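The values are calculated or read from the model by the stated rules, or taken from the named source; none is laboratory data. Note that the structure is predicted; figures quoted are calculated from it, not measured. A quick note on method: Cβ atoms are made from the backbone with ideal geometry, for glycine too, and the neighbour counts reach across all protein chains shown.
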(Lines give C-alpha, C1' and ligand atoms only; values in the text may rest on other atoms or scores of the structure.)
Protein backbone atom coordinates (compact mmCIF):
# COMPACT_ATOMS: atom_id res chain seq x y z
CA UNK A 1 0.00 0.00 0.00
CA UNK A 2 0.99 3.62 -0.45
CA UNK A 3 1.41 6.03 2.46
CA UNK A 4 -2.07 7.48 1.80
CA UNK A 5 -3.66 4.02 1.59
CA UNK A 6 -2.06 2.92 4.87
CA UNK A 7 -3.40 5.95 6.75
CA UNK A 8 -6.88 5.42 5.30
CA UNK A 9 -6.82 1.68 6.05
CA UNK A 10 -5.93 2.28 9.71
CA UNK A 11 -8.61 4.93 10.06
CA UNK A 12 -11.30 2.73 8.54
CA UNK A 13 -10.46 -0.36 10.59
CA UNK A 14 -9.26 -2.36 7.59
CA UNK A 15 -6.03 -4.23 7.00
CA UNK A 16 -5.94 -3.20 3.37
CA UNK A 17 -7.70 -0.69 1.13
CA UNK A 18 -7.49 -0.26 -2.65
CA UNK A 19 -8.11 2.73 -4.93
CA UNK A 20 -11.79 3.18 -5.76
CA UNK A 21 -12.99 1.46 -2.57
CA UNK A 22 -15.64 3.40 -0.60
CA UNK A 23 -14.78 3.50 3.08
CA UNK A 24 -15.97 5.14 6.26
CA UNK A 25 -13.05 7.01 7.79
CA UNK A 26 -12.50 8.07 11.40
CA UNK A 27 -11.15 11.63 11.44
CA UNK A 28 -8.57 13.10 13.83
CA UNK A 29 -9.42 16.73 13.16
CA UNK A 30 -12.32 18.62 11.59
CA UNK A 31 -11.68 22.20 10.50
CA UNK A 32 -13.73 25.15 9.30
CA UNK A 33 -13.33 28.92 8.96
CA UNK A 34 -15.40 32.12 9.11
CA UNK A 35 -16.77 31.56 5.58
CA UNK A 36 -17.52 27.85 5.71
CA UNK A 37 -18.38 27.36 9.42
CA UNK A 38 -21.73 29.24 9.35
CA UNK A 39 -23.11 26.83 6.73
CA UNK A 40 -21.65 23.85 8.59
CA UNK A 41 -23.22 25.02 11.86
CA UNK A 42 -26.61 25.44 10.17
CA UNK A 43 -26.43 21.88 8.79
CA UNK A 44 -25.09 20.53 12.11
CA UNK A 45 -28.18 21.92 13.87
CA UNK A 46 -30.39 20.17 11.31
CA UNK A 47 -28.89 16.80 12.21
CA UNK A 48 -30.38 17.26 15.65
CA UNK A 49 -27.41 16.32 17.85
CA UNK A 50 -26.55 18.64 20.73
CA UNK A 51 -22.78 18.17 20.95
CA UNK A 52 -19.92 17.65 18.51
CA UNK A 53 -18.32 14.20 18.64
CA UNK A 54 -15.17 15.50 20.41
CA UNK A 55 -14.63 19.23 21.05
CA UNK A 56 -10.82 18.79 21.10
CA UNK A 57 -10.96 17.50 17.52
CA UNK A 58 -13.08 20.27 16.06
CA UNK A 59 -11.20 23.44 15.16
CA UNK A 60 -12.64 26.77 14.01
CA UNK A 61 -10.35 29.53 12.79
CA UNK A 62 -11.55 33.00 11.80
CA UNK A 63 -9.10 33.99 9.06
CA UNK A 64 -10.76 34.81 5.74
CA UNK A 65 -12.56 38.11 6.39
CA UNK A 66 -11.21 38.94 9.86
CA UNK A 67 -10.63 41.26 11.58
CA UNK A 68 -14.17 41.69 10.23
CA UNK A 69 -14.28 43.58 6.95
CA UNK A 70 -17.98 44.52 7.01
CA UNK A 71 -21.18 43.94 8.97
CA UNK A 72 -22.22 40.81 7.08
CA UNK A 73 -18.86 39.10 7.65
CA UNK A 74 -18.94 40.24 11.29
CA UNK A 75 -22.26 38.40 11.69
CA UNK A 76 -20.70 35.23 10.25
CA UNK A 77 -17.65 35.48 12.52
CA UNK A 78 -19.95 36.05 15.49
CA UNK A 79 -22.04 32.99 14.66
CA UNK A 80 -18.88 30.88 14.48
CA UNK A 81 -17.44 32.23 17.72
CA UNK A 82 -20.66 31.67 19.65
CA UNK A 83 -20.89 28.08 18.42
CA UNK A 84 -17.20 27.43 19.17
CA UNK A 85 -17.53 28.77 22.72
CA UNK A 86 -20.82 26.95 23.36
CA UNK A 87 -19.33 23.65 22.19
CA UNK A 88 -15.91 24.34 23.81
CA UNK A 89 -14.12 23.78 20.50
CA UNK A 90 -10.53 24.61 19.67
CA UNK A 91 -10.87 28.27 18.65
CA UNK A 92 -8.38 31.08 18.00
CA UNK A 93 -9.54 34.69 18.21
CA UNK A 94 -7.69 37.36 16.19
CA UNK A 95 -4.44 38.02 17.99
CA UNK A 96 -3.60 34.39 18.64
CA UNK A 97 -5.07 33.49 15.29
CA UNK A 98 -3.24 32.82 12.05
CA UNK A 99 -4.17 31.64 8.59
CA UNK A 100 -5.59 28.20 9.39
CA UNK A 101 -3.09 26.15 7.36
CA UNK A 102 -0.12 28.02 8.79
CA UNK A 103 -1.52 27.94 12.31
CA UNK A 104 -2.62 24.33 12.84
CA UNK A 105 0.76 22.67 12.17
CA UNK A 106 2.49 25.29 14.37
CA UNK A 107 0.11 24.52 17.22
CA UNK A 108 0.79 20.80 16.91
CA UNK A 109 -2.85 20.17 16.07
CA UNK A 110 -1.98 18.12 12.99
CA UNK A 111 0.51 15.28 13.27
CA UNK A 112 1.94 12.57 11.01
CA UNK A 113 -0.50 9.76 10.22
CA UNK A 114 -3.60 11.86 10.97
CA UNK A 115 -6.71 12.09 8.83
CA UNK A 116 -7.83 15.71 8.67
CA UNK A 117 -10.82 17.12 6.83
CA UNK A 118 -11.48 20.82 6.51
CA UNK A 119 -14.09 23.05 4.92
CA UNK A 120 -11.36 24.76 2.96
CA UNK A 121 -9.81 23.38 -0.20
CA UNK A 122 -6.25 24.09 1.01
CA UNK A 123 -6.64 21.65 3.91
CA UNK A 124 -4.35 19.46 1.78
CA UNK A 125 -1.45 21.57 3.16
CA UNK A 126 -1.05 19.17 6.12
CA UNK A 127 0.17 16.44 3.79
CA UNK A 128 3.58 18.04 4.33
CA UNK A 129 3.53 16.39 7.78
CA UNK A 130 2.72 12.95 6.38
CA UNK A 131 -0.97 13.29 7.24
CA UNK A 132 -3.89 12.53 4.92
CA UNK A 133 -5.67 15.87 4.72
CA UNK A 134 -8.38 16.92 2.31
CA UNK A 135 -10.85 19.74 1.69
CA UNK A 136 -14.59 19.23 1.73
CA UNK A 137 -17.76 21.31 1.80
CA UNK A 138 -19.65 22.55 4.84
CA UNK A 139 -22.24 19.76 4.84
CA UNK A 140 -19.56 17.07 4.95
CA UNK A 141 -17.92 18.97 7.79
CA UNK A 142 -21.26 19.16 9.66
CA UNK A 143 -21.70 15.40 9.39
CA UNK A 144 -18.14 14.80 10.59
CA UNK A 145 -18.60 17.22 13.51
CA UNK A 146 -21.58 15.12 14.59
CA UNK A 147 -20.13 11.64 14.10
CA UNK A 148 -16.34 11.90 13.87
CA UNK A 149 -16.54 9.96 10.63
CA UNK A 150 -16.82 10.67 6.92
CA UNK A 151 -17.14 8.53 3.80
CA UNK A 152 -14.33 8.63 1.28
CA UNK A 153 -13.34 6.93 -1.92
CA UNK A 154 -9.78 5.64 -1.63
CA UNK A 155 -7.79 7.69 -4.16
CA UNK A 156 -5.18 6.24 -6.48
CA UNK A 157 -1.72 7.67 -5.73
CA UNK A 158 0.46 9.47 -8.27
CA UNK A 159 4.14 9.35 -7.34
CA UNK A 160 6.11 12.47 -8.18
CA UNK A 161 9.89 12.08 -8.04
CA UNK A 162 12.09 15.18 -7.91
CA UNK A 163 15.83 14.75 -8.37
CA UNK A 164 18.71 17.17 -8.81
CA UNK A 165 19.95 20.38 -7.26
CA UNK A 166 17.66 23.39 -7.05
CA UNK A 167 18.80 26.50 -8.88
CA UNK A 168 19.24 29.70 -6.91
CA UNK A 169 15.94 31.35 -5.96
CA UNK A 170 13.96 28.20 -6.80
CA UNK A 171 11.75 26.93 -3.97
CA UNK A 172 8.83 24.59 -3.33
CA UNK A 173 6.49 27.09 -5.01
CA UNK A 174 8.34 26.74 -8.30
CA UNK A 175 8.35 22.94 -8.14
CA UNK A 176 4.59 22.82 -7.60
CA UNK A 177 3.81 25.47 -10.25
CA UNK A 178 6.01 23.59 -12.70
CA UNK A 179 4.26 20.32 -11.82
CA UNK A 180 0.77 21.80 -12.21
CA UNK A 181 1.89 23.32 -15.51
CA UNK A 182 3.01 19.88 -16.61
CA UNK A 183 0.00 17.78 -15.52
CA UNK A 184 -2.72 20.47 -15.72
CA UNK A 185 -5.37 21.80 -13.32
CA UNK A 186 -7.15 18.42 -13.48
CA UNK A 187 -3.97 16.35 -13.81
CA UNK A 188 -4.40 14.72 -10.39
CA UNK A 189 -8.20 14.85 -9.99
CA UNK A 190 -9.42 12.41 -7.30
CA UNK A 191 -5.82 11.25 -6.72
CA UNK A 192 -3.29 11.60 -3.94
CA UNK A 193 0.02 13.16 -5.00
CA UNK A 194 3.03 11.65 -3.19
CA UNK A 195 6.07 13.93 -3.35
CA UNK A 196 9.39 12.06 -3.24
CA UNK A 197 13.00 12.11 -4.46
CA UNK A 198 16.42 13.44 -3.45
CA UNK A 199 15.34 17.05 -3.86
CA UNK A 200 12.35 16.54 -1.57
CA UNK A 201 14.53 14.93 1.12
CA UNK A 202 16.55 18.15 1.26
CA UNK A 203 13.55 20.49 1.00
CA UNK A 204 12.60 22.67 3.99
CA UNK A 205 9.33 22.10 5.85
CA UNK A 206 8.06 25.51 4.73
CA UNK A 207 8.62 24.60 1.07
CA UNK A 208 6.90 21.26 1.65
CA UNK A 209 3.86 23.02 3.10
CA UNK A 210 3.78 25.20 -0.03
CA UNK A 211 3.83 22.17 -2.34
CA UNK A 212 1.22 20.15 -0.44
CA UNK A 213 -0.93 23.30 -0.26
CA UNK A 214 -1.24 23.54 -4.03
CA UNK A 215 -2.01 19.85 -4.69
CA UNK A 216 -5.66 20.94 -4.97
CA UNK A 217 -4.70 23.21 -7.88
CA UNK A 218 -4.01 20.01 -9.84
CA UNK A 219 -7.39 18.67 -8.65
CA UNK A 220 -5.81 16.29 -6.12
CA UNK A 221 -7.63 14.97 -3.08
CA UNK A 222 -4.43 15.11 -1.06
CA UNK A 223 -0.74 15.92 -1.42
CA UNK A 224 1.48 13.91 0.88
CA UNK A 225 5.16 13.75 1.88
CA UNK A 226 7.05 10.87 3.46
CA UNK A 227 7.97 11.60 7.09
CA UNK A 228 11.72 12.12 7.66
CA UNK A 229 14.00 13.68 10.29
CA UNK A 230 13.04 17.16 9.16
CA UNK A 231 9.36 16.37 9.75
CA UNK A 232 10.06 14.83 13.13
CA UNK A 233 12.17 17.85 14.12
CA UNK A 234 9.25 20.10 13.27
CA UNK A 235 6.71 17.97 15.11
CA UNK A 236 8.78 17.02 18.18
CA UNK A 237 8.40 20.24 20.17
CA UNK A 238 4.78 20.79 19.09
CA UNK A 239 3.03 17.43 19.50
CA UNK A 240 0.90 17.02 22.61
CA UNK A 241 -0.41 13.56 21.74
CA UNK A 242 1.07 10.38 20.26
CA UNK A 243 1.23 9.95 16.50
CA UNK A 244 2.19 7.26 14.05
CA UNK A 245 4.54 7.41 11.10
CA UNK A 246 3.57 5.44 7.99
CA UNK A 247 5.57 4.86 4.86
CA UNK A 248 4.79 3.55 1.40
CA UNK A 249 5.62 -0.10 0.81
CA UNK A 250 8.41 -0.85 -1.66
CA UNK A 251 5.88 -2.67 -3.85
CA UNK A 252 3.11 -0.05 -3.46
CA UNK A 253 0.94 0.42 -6.55
CA UNK A 254 0.96 3.88 -8.14
CA UNK A 255 -1.42 4.97 -10.87
CA UNK A 256 1.42 6.97 -12.40
CA UNK A 257 5.06 7.83 -11.69
CA UNK A 258 6.35 11.19 -12.94
CA UNK A 259 10.02 12.20 -12.65
CA UNK A 260 11.48 15.69 -12.78
CA UNK A 261 15.07 16.90 -13.05
CA UNK A 262 14.78 20.06 -10.95
CA UNK A 263 18.14 21.46 -12.11
CA UNK A 264 16.29 22.53 -15.28
CA UNK A 265 13.56 24.40 -13.40
CA UNK A 266 13.71 28.22 -13.21
CA UNK A 267 11.52 30.33 -10.94
CA UNK A 268 8.01 30.00 -12.39
CA UNK A 269 5.26 32.53 -12.96
CA UNK A 270 1.68 31.32 -13.52
CA UNK A 271 -0.07 33.70 -15.90
CA UNK A 272 -3.79 34.53 -15.76
CA UNK A 273 -6.16 32.78 -15.38
CA UNK A 274 -5.01 29.28 -14.38
CA UNK A 275 -2.31 28.04 -12.00
CA UNK A 276 -1.22 25.67 -14.80
CA UNK A 277 -0.46 28.56 -17.16
CA UNK A 278 3.17 28.80 -16.05
CA UNK A 279 6.26 30.23 -17.73
CA UNK A 280 9.88 30.32 -16.60
CA UNK A 281 10.88 33.78 -15.34
CA UNK A 282 13.25 34.21 -18.34
CA UNK A 283 10.26 34.05 -20.71
CA UNK A 284 7.95 36.46 -18.92
CA UNK A 285 8.63 39.63 -20.95
CA UNK A 286 7.85 43.16 -19.84
CA UNK A 287 4.70 43.16 -17.70
CA UNK A 288 4.09 46.20 -15.52
CA UNK A 289 2.32 45.63 -12.22
CA UNK A 290 0.28 47.57 -9.66
CA UNK A 291 0.37 45.31 -6.61
CA UNK A 292 2.41 42.59 -4.93
CA UNK A 293 1.11 40.27 -2.22
CA UNK A 294 3.53 38.16 -0.17
CA UNK A 295 1.76 35.85 2.25
CA UNK A 296 -1.20 33.38 2.39
CA UNK A 297 -1.52 29.72 3.39
CA UNK A 298 0.76 29.01 0.42
CA UNK A 299 3.71 31.34 1.13
CA UNK A 300 3.13 33.11 4.46
CA UNK A 301 5.74 31.28 6.54
CA UNK A 302 9.08 32.42 7.95
CA UNK A 303 11.19 31.06 5.07
CA UNK A 304 9.03 33.06 2.64
CA UNK A 305 9.47 36.30 4.59
CA UNK A 306 13.23 35.70 4.93
CA UNK A 307 13.53 35.30 1.16
CA UNK A 308 11.46 38.43 0.53
CA UNK A 309 13.65 40.33 3.02
CA UNK A 310 16.85 39.23 1.28
CA UNK A 311 15.57 40.81 -1.93
CA UNK A 312 14.04 43.93 -0.35
CA UNK A 313 16.94 44.73 2.00
CA UNK A 314 18.34 48.17 1.23
CA UNK A 315 15.96 48.65 -1.71
CA UNK A 316 12.70 50.51 -2.27
CA UNK A 317 9.34 49.30 -3.52
CA UNK A 318 8.54 50.96 -6.87
CA UNK A 319 6.35 54.04 -6.35
CA UNK A 320 3.59 52.58 -8.56
CA UNK A 321 3.32 49.35 -6.56
CA UNK A 322 1.32 48.51 -3.45
CA UNK A 323 3.43 45.84 -1.76
CA UNK A 324 1.43 44.01 0.89
CA UNK A 325 3.22 41.55 3.17
CA UNK A 326 1.20 39.29 5.46
CA UNK A 327 2.85 36.98 8.00
CA UNK A 328 0.75 33.80 8.12
CA UNK A 329 0.41 33.57 11.90
CA UNK A 330 1.28 35.25 15.15
CA UNK A 331 4.31 32.95 15.53
CA UNK A 332 5.58 33.88 12.05
CA UNK A 333 4.85 37.56 12.76
CA UNK A 334 6.79 37.50 16.05
CA UNK A 335 9.75 35.67 14.54
CA UNK A 336 9.83 38.16 11.68
CA UNK A 337 9.67 40.99 14.19
CA UNK A 338 12.56 39.59 16.25
CA UNK A 339 14.69 39.16 13.14
CA UNK A 340 14.06 42.75 12.10
CA UNK A 341 12.13 41.79 8.99
CA UNK A 342 9.05 43.86 9.75
CA UNK A 343 11.11 47.06 10.09
CA UNK A 344 12.96 46.18 6.89
CA UNK A 345 9.66 45.66 5.02
CA UNK A 346 8.15 48.92 6.23
CA UNK A 347 11.32 50.89 5.47
CA UNK A 348 11.40 49.43 1.97
CA UNK A 349 7.92 50.84 1.33
CA UNK A 350 5.83 47.72 1.89
CA UNK A 351 2.77 47.57 4.13
CA UNK A 352 2.57 44.77 6.72
CA UNK A 353 -0.79 43.34 7.79
CA UNK A 354 -1.98 41.17 10.62
CA UNK A 355 -2.52 37.53 9.47
CA UNK A 356 -5.51 37.18 7.12
CA UNK A 357 -6.52 35.42 3.90
CA UNK A 358 -7.96 38.82 2.81
CA UNK A 359 -6.41 39.69 -0.55
CA UNK A 360 -5.90 36.13 -1.83
CA UNK A 361 -9.62 35.69 -2.48
CA UNK A 362 -10.49 39.33 -3.16
CA UNK A 363 -11.91 39.78 0.32
CA UNK A 364 -10.15 42.89 1.58
CA UNK A 365 -6.64 44.26 2.34
CA UNK A 366 -5.63 44.51 -1.32
CA UNK A 367 -8.59 44.21 -3.72
CA UNK A 368 -7.71 44.89 -7.38
CA UNK A 369 -9.36 47.49 -9.63
CA UNK A 370 -10.18 46.79 -13.29
CA UNK A 371 -7.08 46.61 -15.45
CA UNK A 372 -4.75 46.19 -12.46
CA UNK A 373 -2.12 43.49 -12.32
CA UNK A 374 -0.80 41.76 -9.22
CA UNK A 375 2.14 39.44 -8.61
CA UNK A 376 1.11 37.23 -5.73
CA UNK A 377 2.60 34.36 -3.75
CA UNK A 378 -0.93 32.97 -3.28
CA UNK A 379 -2.44 29.93 -4.98
CA UNK A 380 -5.12 30.94 -7.49
CA UNK A 381 -5.22 33.36 -10.41
CA UNK A 382 -8.78 32.72 -11.62
CA UNK A 383 -10.86 35.49 -13.23
CA UNK A 384 -11.87 37.95 -10.49
CA UNK A 385 -10.03 36.02 -7.77
CA UNK A 386 -8.47 39.14 -6.21
CA UNK A 387 -11.09 41.70 -7.18
CA UNK A 388 -12.32 43.05 -10.50
CA UNK A 389 -13.01 40.42 -13.16
CA UNK A 390 -10.92 42.69 -15.41
CA UNK A 391 -7.84 42.42 -13.14
CA UNK A 392 -4.98 39.95 -13.53
CA UNK A 393 -3.09 37.80 -11.01
CA UNK A 394 0.35 36.29 -11.65
CA UNK A 395 1.46 33.60 -9.19
CA UNK A 396 5.10 33.34 -8.14
CA UNK A 397 7.49 32.55 -5.30
CA UNK A 398 8.36 35.26 -2.70
CA UNK A 399 11.72 36.13 -4.34
CA UNK A 400 10.10 36.93 -7.68
CA UNK A 401 7.29 38.81 -5.93
CA UNK A 402 9.77 40.96 -3.98
CA UNK A 403 11.93 41.68 -7.04
CA UNK A 404 8.79 42.60 -9.00
CA UNK A 405 7.75 45.00 -6.24
CA UNK A 406 11.08 46.82 -6.59
CA UNK A 407 11.15 46.99 -10.38
CA UNK A 408 7.42 47.63 -10.93
CA UNK A 409 7.24 44.79 -13.45
CA UNK A 410 7.43 41.02 -13.21
CA UNK A 411 11.09 40.20 -12.65
CA UNK A 412 13.39 37.63 -11.11
CA UNK A 413 15.70 38.55 -8.19
CA UNK A 414 18.77 37.94 -10.37
CA UNK A 415 18.00 41.16 -12.25
CA UNK A 416 18.78 43.18 -9.14
CA UNK A 417 21.07 40.84 -7.17
CA UNK A 418 23.98 39.61 -9.21
CA UNK B 1 -37.40 12.26 -11.64
CA UNK B 2 -37.58 14.01 -14.99
CA UNK B 3 -35.98 17.42 -15.57
CA UNK B 4 -36.46 19.67 -18.59
CA UNK B 5 -34.77 22.95 -19.44
CA UNK B 6 -32.80 25.16 -21.77
CA UNK B 7 -29.02 24.78 -21.94
CA UNK B 8 -26.42 27.31 -20.76
CA UNK B 9 -23.11 26.08 -22.12
CA UNK B 10 -19.58 26.67 -20.77
CA UNK B 11 -16.07 25.35 -21.40
CA UNK B 12 -13.59 23.44 -19.23
CA UNK B 13 -12.35 24.28 -15.71
CA UNK B 14 -15.28 26.45 -14.60
CA UNK B 15 -14.05 27.28 -11.09
CA UNK B 16 -16.03 28.03 -7.94
CA UNK B 17 -14.63 31.60 -7.85
CA UNK B 18 -16.53 32.46 -11.03
CA UNK B 19 -19.60 30.45 -9.99
CA UNK B 20 -19.82 32.62 -6.86
CA UNK B 21 -17.04 35.17 -6.28
CA UNK B 22 -15.57 35.23 -2.75
CA UNK B 23 -16.49 38.90 -2.35
CA UNK B 24 -20.09 37.74 -1.86
CA UNK B 25 -19.28 35.04 0.70
CA UNK B 26 -20.07 37.31 3.63
CA UNK B 27 -23.54 35.73 3.49
CA UNK B 28 -24.66 32.11 3.10
CA UNK B 29 -28.33 32.48 2.17
CA UNK B 30 -28.78 30.62 -1.15
CA UNK B 31 -31.21 33.22 -2.58
CA UNK B 32 -28.75 36.05 -1.93
CA UNK B 33 -25.83 34.05 -3.32
CA UNK B 34 -27.88 33.28 -6.45
CA UNK B 35 -28.02 36.99 -7.32
CA UNK B 36 -24.30 36.83 -8.19
CA UNK B 37 -24.15 33.34 -9.70
CA UNK B 38 -21.73 33.11 -12.68
CA UNK B 39 -21.39 36.91 -12.85
CA UNK B 40 -17.62 37.00 -13.49
CA UNK B 41 -17.84 34.37 -16.25
CA UNK B 42 -21.18 35.20 -17.88
CA UNK B 43 -22.70 38.52 -16.76
CA UNK B 44 -25.88 37.80 -18.83
CA UNK B 45 -26.54 34.44 -17.14
CA UNK B 46 -28.92 35.78 -14.52
CA UNK B 47 -30.97 37.68 -17.13
CA UNK B 48 -31.32 34.55 -19.29
CA UNK B 49 -31.80 31.80 -16.72
CA UNK B 50 -35.28 30.29 -16.21
CA UNK B 51 -36.31 27.78 -13.54
CA UNK B 52 -35.44 24.26 -14.70
CA UNK B 53 -32.59 25.32 -17.02
CA UNK B 54 -29.54 23.11 -17.31
CA UNK B 55 -25.82 23.95 -17.28
CA UNK B 56 -23.69 21.94 -19.71
CA UNK B 57 -19.92 22.29 -19.37
CA UNK B 58 -16.56 20.76 -20.20
CA UNK B 59 -14.19 18.88 -17.90
CA UNK B 60 -13.27 19.69 -14.27
CA UNK B 61 -16.43 21.70 -13.51
CA UNK B 62 -16.34 23.29 -10.04
CA UNK B 63 -12.58 23.25 -9.54
CA UNK B 64 -10.89 25.42 -6.92
CA UNK B 65 -12.34 26.49 -3.59
CA UNK B 66 -14.35 24.08 -1.43
CA UNK B 67 -17.15 26.64 -0.98
CA UNK B 68 -20.49 24.84 -0.82
CA UNK B 69 -21.94 28.24 -1.70
CA UNK B 70 -21.24 27.30 -5.36
CA UNK B 71 -23.79 24.48 -5.77
CA UNK B 72 -26.18 26.37 -3.47
CA UNK B 73 -26.00 29.45 -5.73
CA UNK B 74 -26.46 27.39 -8.91
CA UNK B 75 -29.48 25.60 -7.46
CA UNK B 76 -31.08 28.77 -6.10
CA UNK B 77 -30.58 30.48 -9.48
CA UNK B 78 -33.05 27.92 -10.83
CA UNK B 79 -30.69 25.42 -12.47
CA UNK B 80 -32.14 21.90 -12.25
CA UNK B 81 -29.05 19.93 -13.24
CA UNK B 82 -25.40 20.30 -14.29
CA UNK B 83 -24.05 18.00 -16.99
CA UNK B 84 -20.27 18.07 -17.50
CA UNK B 85 -17.51 15.97 -19.00
CA UNK B 86 -16.15 15.66 -15.47
CA UNK B 87 -16.37 17.36 -12.07
CA UNK B 88 -13.75 18.49 -9.57
CA UNK B 89 -13.99 16.22 -6.56
CA UNK B 90 -15.00 18.66 -3.81
CA UNK B 91 -17.73 20.15 -6.00
CA UNK B 92 -18.99 16.64 -6.79
CA UNK B 93 -19.49 15.88 -3.08
CA UNK B 94 -20.96 19.31 -2.35
CA UNK B 95 -23.50 19.07 -5.19
CA UNK B 96 -24.81 15.70 -4.03
CA UNK B 97 -24.77 16.75 -0.37
CA UNK B 98 -26.86 19.84 -1.13
CA UNK B 99 -29.20 18.15 -3.58
CA UNK B 100 -28.00 19.61 -6.89
CA UNK B 101 -28.25 16.82 -9.48
CA UNK B 102 -25.09 16.41 -11.57
CA UNK B 103 -24.27 14.01 -14.38
CA UNK B 104 -21.05 13.15 -16.19
CA UNK B 105 -21.57 12.59 -19.92
CA UNK B 106 -18.87 13.52 -22.41
CA UNK B 107 -20.98 12.77 -25.50
CA UNK B 108 -23.91 14.91 -24.37
CA UNK B 109 -21.57 17.82 -23.72
CA UNK B 110 -19.94 17.47 -27.15
CA UNK B 111 -23.22 17.36 -29.07
CA UNK B 112 -25.25 19.96 -27.16
CA UNK B 113 -25.27 23.69 -27.86
CA UNK B 114 -26.36 26.69 -25.87
CA UNK B 115 -30.13 27.17 -26.13
CA UNK B 116 -30.94 23.50 -26.85
CA UNK B 117 -33.73 21.91 -24.81
CA UNK B 118 -32.71 18.86 -22.77
CA UNK B 119 -34.76 16.28 -20.89
CA UNK B 120 -32.96 14.38 -18.17
CA UNK B 121 -34.16 11.27 -16.34
CA UNK B 122 -32.03 11.05 -13.21
CA UNK B 123 -32.94 7.49 -12.23
CA UNK B 124 -31.66 6.06 -15.52
CA UNK B 125 -29.11 8.73 -16.47
CA UNK B 126 -30.83 9.19 -19.84
CA UNK B 127 -30.34 12.60 -21.45
CA UNK B 128 -32.51 13.55 -24.45
CA UNK B 129 -31.59 16.54 -26.59
CA UNK B 130 -35.11 17.46 -27.72
CA UNK B 131 -33.88 20.18 -30.10
CA UNK B 132 -31.58 17.82 -32.02
CA UNK B 133 -33.39 14.51 -31.50
CA UNK B 134 -30.41 12.86 -29.83
CA UNK B 135 -30.28 10.55 -26.81
CA UNK B 136 -27.30 10.04 -24.50
CA UNK B 137 -26.59 7.87 -21.48
CA UNK B 138 -24.74 9.36 -18.52
CA UNK B 139 -22.47 7.42 -16.17
CA UNK B 140 -24.71 6.03 -13.42
CA UNK B 141 -24.04 6.89 -9.76
CA UNK B 142 -22.07 4.35 -7.74
CA UNK B 143 -24.27 2.18 -5.47
CA UNK B 144 -23.03 3.87 -2.29
CA UNK B 145 -23.96 7.30 -3.64
CA UNK B 146 -27.46 6.12 -4.64
CA UNK B 147 -28.00 5.06 -1.04
CA UNK B 148 -26.99 8.51 0.16
CA UNK B 149 -29.21 10.20 -2.43
CA UNK B 150 -32.17 7.96 -1.52
CA UNK B 151 -31.72 8.95 2.12
CA UNK B 152 -32.21 12.56 0.97
CA UNK B 153 -28.60 13.73 1.08
CA UNK B 154 -25.88 13.62 3.69
CA UNK B 155 -27.74 15.28 6.56
CA UNK B 156 -30.66 12.82 6.42
CA UNK B 157 -28.19 9.97 6.00
CA UNK B 158 -26.29 11.12 9.10
CA UNK B 159 -29.49 11.55 11.11
CA UNK B 160 -30.35 7.92 10.38
CA UNK B 161 -26.88 6.73 11.27
CA UNK B 162 -27.03 8.52 14.62
CA UNK B 163 -30.52 7.19 15.34
CA UNK B 164 -29.28 3.66 14.61
CA UNK B 165 -26.29 4.13 16.96
CA UNK B 166 -28.58 5.35 19.74
CA UNK B 167 -30.98 2.42 19.41
CA UNK B 168 -28.12 -0.07 19.83
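So for the range A:91-107 (the condition being part of a helix (DSSP H, G or I), over 20 Å from residue A:152 (Cα atoms) and out of contact with any strand residue (DSSP E or B) (no Cβ under 9 Å at 6 or more places or on another chain)), does at least one residue qualify? Checking the range A:91-107: at least one residue is part of a helix (DSSP H, G or I), over 20 Å from residue A:152 (Cα atoms) and out of contact with any strand residue (DSSP E or B) (no Cβ under 9 Å at 6 or more places or on another chain).
Evaluated against (1) more than 25 Å from residue B:56 (Cα to Cα); (2) at pLDDT below 85, residue B:156 falls short on exactly one condition, (2).
Of the residues contained in the range B:60-75, one or more are found to be surrounded by fewer than 24 Cβ atoms within 10 Å (Cβ to Cβ) and either more than 10 Å from chain A (Cβ to nearest Cβ) or over 22 Å from residue B:97 (Cβ atoms) (or both).
Restricting attention to the range A:205-223, does a residue exist that is in a loop (DSSP other than H, G, I, E, B), free of Cβ contacts under 8 Å to residues at least 60 places away in the same chain and more than 14 Å from chain B (Cβ to nearest Cβ)? There is no residue in the range A:205-223 that is in a loop (DSSP other than H, G, I, E, B), free of Cβ contacts under 8 Å to residues at least 60 places away in the same chain and more than 14 Å from chain B (Cβ to nearest Cβ).
Of the set (1) surrounded by fewer than 22 Cβ atoms within 10 Å (Cβ to Cβ); (2) within 13 Å of chain B (Cβ to nearest Cβ); (3) out of contact with any helix residue (DSSP H, G or I) (no Cβ under 7 Å at 6 or more places or on another chain); (4) part of a helix (DSSP H, G or I), all apply to residue A:82 but (2). Residues in the range A:25-56 that are closer than 30 Å to residue A:196 by Cβ and either at pLDDT below 95 or buried (at least 20 other Cβ atoms within 10 Å of the Cβ) (or both): A:25, A:27, A:28, A:29, A:30, A:31.
State yes or no: is residue A:149 surrounded by fewer than 24 Cβ atoms within 10 Å (Cβ to Cβ), within 14 Å of chain B (Cβ to nearest Cβ) and modelled with pLDDT of 95 or more? In short, yes.
In this structure, residue A:347 does not satisfy being away from chain B (no Cβ under 14 Å), without any contact (Cβ under 8 Å) to a residue 24 or more places away in the chain, in contact with a helix residue (DSSP H, G or I) (Cβ under 7 Å, 6 or more places away or on another chain) and over 26 Å from residue A:100 (Cα atoms). If you check B:152, B:133 for being surrounded by fewer than 17 Cβ atoms within 10 Å (Cβ to Cβ) and within 14 Å of chain A (Cβ to nearest Cβ), only one passes: B:152. Considering only residues in the range B:96-130 that are assigned to a helix (DSSP H, G or I) and at pLDDT below 95, the one that is surrounded by the fewest Cβ atoms within 10 Å (Cβ to Cβ) turns out to be B:96.
Which of the residues that make up the range A:50-73 are within 17 Å of residue A:361 (Cα to Cα), under 25 Å from the mean Cα position of the chain (by Cα) and part of a helix (DSSP H, G or I)? Listed by number, the list holds a single entry, A:73. Remark: residue A:281 matches the filter, which requires a residue to be in contact (Cβ under 8 Å) with a residue 60 or more places away in the chain, crowded, with 19+ Cβ neighbours inside 10 Å and more than 14 Å from chain B (Cβ to nearest Cβ).
Just one residue in the set A:143, A:128 is over 24 Å from residue A:199 (Cβ atoms), touching a residue at least 60 places away in the same chain (Cβ under 8 Å) and in a helix (DSSP H, G or I); that residue is A:143.
Does residue B:95 satisfy being at the interface with chain A (Cβ under 10 Å from one of its Cβ atoms), under 30 Å from residue B:25 (Cα atoms) and in contact with a strand residue (DSSP E or B) (Cβ under 9 Å, 6 or more places away or on another chain)? Answer is yes for this residue. The helices (runs of 4 or more DSSP H) found entirely in the range B:1-48 that carry 3 or more residues being within 12 Å of chain A (Cβ to nearest Cβ) and crowded, with 23+ Cβ neighbours inside 10 Å are B:16-19.
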